[in-house]
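Novice: My structure is below; once you've seen it, I'll send some questions.
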Amino acid sequence: MPWEKMWPLLRQMLLGLEAAHTVGVIHRDIKPRNVLLTTDDTVKLTDFGLARFSDSDATRTQAVAGTLAYMSPEQVRALPSLDHRSDLFSLGLVAYAALAGRLPFDRAGGAFTTMRALV
């Protein structure tokens, strides 16, 4: 995707995440499939099924949740300190993939290789 087309879309994605993060919601599954584009180029962030509140005192499991290729290092490592910055990392991967036509690492080696590359 050309930079000139990507920039306004990326700005909308950032504003959408800012709105979620302002009320304490961490999406935890930012990926191209969860970013919809309407016919008038309006971005819609979707699928908050893995989202959680950043200030939740609920018991947390150490299970890894999300789409591996777009996870932050904190998600891959299942760290309890996961916060809104994880979504920003994932959005950076989405932007990179849109601009470069590929992710910044080779996924041919399988899940473990992808995890090592992310961490």
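Novice: In this structure, does Leu93 turn out to be part of a helix (DSSP H, G or I), modelled with pLDDT of 85 or more and open to solvent by 40 Å² or more (accessible area, probe 1.4 Å)?
Specialist: No: the conditions fail for Leu93.
Novice: Please specify each residue of the stretch 35-63 satisfying the condition of being open to solvent by 90 Å² or more (accessible area, probe 1.4 Å), at pLDDT below 80 and not in a loop (DSSP other than H, G, I, E, B).
Specialist: Within the stretch 35-63, just Phe53 meets the criteria.
Novice: Conditions first: (1) assigned to a helix (DSSP H, G or I); (2) out of contact with any Asp or Glu (no Cβ under 8 Å at 6 or more places or on another chain); (3) at pLDDT below 90. Ala98 passes all but one, so which condition is the exception?
Specialist: The single condition Ala98 does not satisfy is (3).
Novice: OK, next. Looking at the stretch 70-82, I want the residues that are assigned to a helix (DSSP H, G or I) and have a partner that is surrounded by fewer than 13 Cβ atoms within 10 Å (Cβ to Cβ) with Cβ atoms under 7 Å, at least 6 apart or on another chain. Which pairs are those?
Specialist: Listed pairs, sorted by first residue: Pro73/Val119; Glu74/Ser81; Gln75/Val64; Val76/Val64; Val76/Val119.
The values are calculated or read from the model by the stated rules, or taken from the named source; none is laboratory data. No experiment lies behind these values; they were computed from the predicted model shown. A quick note on method: Cβ atoms are made from the backbone with ideal geometry, for glycine too, and the neighbour counts reach across all protein chains shown. Surface areas here come from the heavy atoms of the whole protein model, side chains and all, with no ligands, DNA or RNA. Shrake-Rupley method; radii C 1.70, N 1.55, O 1.52, S 1.80 Å.
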